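Working notes, structure below.
Here, each number is a calculation from the coordinates, and none is a lab measurement. For clarity, every value in this text was computed on a predicted model and none was experimentally measured. As a convention, Cβ positions derive from the backbone with ideal geometry for all residues, glycine included, and neighbour counts pool all protein chains shown.
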Amino acid sequence: QVQLTEAGGGLAQAGGSLTLSCLVTGISSGYRLSWFRQAPGQNREFVAGIGWGDGRTYYEDSVQDRFTISRDKGKNTMYLQMNSLKPEDTAVYYCATGRLILSSLRYDRHYTYWGQGTQVTVSS
């Protein structure tokens, strides 16, 4: 059974850092995992993705040089290291997974499993 559990959200000041983690169970190398976020009144948007098997990474343009996605297969955990945080990064962050083709990676409708979400708030 696939389960995702996020942790690590909280409050940070602009320019600060936070690290999110997502404990994953029940997946295999054919899965891709991603972080999405949803700000109040906004659609959920793709942030970053990674192949569980090959570790290849993908980023949304606005976070490309600030966020780093990684995974530790030994710990069954995916991470999102967020640096140089901005107030516009404030959102609920979700981890998600599924057996996706690469062209579907950025679209939340293609994901089968979701975590419960963790709030990230960045103050100016």
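Brief remarks follow.
- C-alpha center-to-center spacing [the range 1-57, the range 86-124] in angstrom: 6
- Check: the chain dipole with +1 on Lys, Arg Cβ and -1 on Asp, Glu Cβ, in debye: 320
- What the Kirkwood sum gives for the range 37-95 is a hydrodynamic radius of 12.3 Å, with every pair of different alpha carbons counted.
- Hydrodynamic radius by Kirkwood, which averages 1/r over all alpha carbon pairs of the range 1-67, in angstrom: 13.6
- Value of D in µm² per second that Stokes-Einstein yields for the chain, Kirkwood Rh from Cα pairs, at 37 °C (0.692 mPa s): 231
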